[in-house]
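Reading through the structure tokens given below for one structure.
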Amino acid sequence: MANAISNGVGITVEVMYDATQSNPLLHDFVFAYCITIENFNPFAVQLLTRHWFITDSRGVKREVEGAGVVGKQPIIQPGDRFQYISACKLDTEQGKMWGEYTMKNKNNHQLFAISIPTFYLEAKFKQN
């Protein structure tokens, strides 16, 4: 599990290797991740965009950018949280992800960044 708080917003990430969607013989490894975003600010925030950095165990890097998460741009009230599940596919049994969300302060409409902490993707059969 990875945790971080930046600009008054907390991020918690839990990762699960999805053996049912993976095919190691074809170098397909699927990892599901559950992200909880918690607003500790005294104002509502809206998640506008995401920017992911993904690296596999061979050092192959890729970036993913886009609007919102799972098709949503949620507004999170003070003291509330938003949770979603998504997935990442790698060609190797290990890797890591980190990134950033662009948020909007719903009171003054200013944009600010939230860091998504680095979390590790590891196929269950590789864990000791």
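Laboratory data are not the source of any read-out in this text; all were calculated from the coordinates shown. Remember, it's a predicted structure, so these values are computed and weren't measured experimentally. With ideal geometry, Cβ positions are generated from the backbone for all residues, glycine too; neighbour counts draw on all protein chains shown.
Points to keep in mind about this one:
- Per-residue 3J(HN,Hα) values for the stretch 80-95, derived from phi via the Karplus relation 6.51 cos²θ - 1.76 cosθ + 1.60 with θ = phi - 60°, read 9, 9, 10, 10, 8, 10, 9, 8, 9, 10, 10, 8, 10, 7, 9, x Hz in sequence order (x marks Gly and Pro).
- When peptides 94-106, 13-25 are ranked by their average number of other Cβ atoms within 10 Å per residue, the highest-first order is 94-106, 13-25.
- Cα centroids of the stretch 54-71 and the stretch 20-39: 12 Å apart.
- Cα radius of gyration and Dmax for the chain (Å): 15.5, 52
- Distant-in-sequence amide H partners of residue 76 (H built 1.01 Å from N, under 5 Å): 45, 46, 47
- Only lysines eight or more places from residue 106 in sequence, or on another chain, were considered; those with a Cα closer than 25 Å are 72.
- Aspartates and glutamates with Cα under 15 Å of residue 104, excluding same-chain neighbours fewer than 8 positions away: 38
- The stretch 2-126 - percent relative contact order, Cα under 8 Å, separation 6 or more: 31
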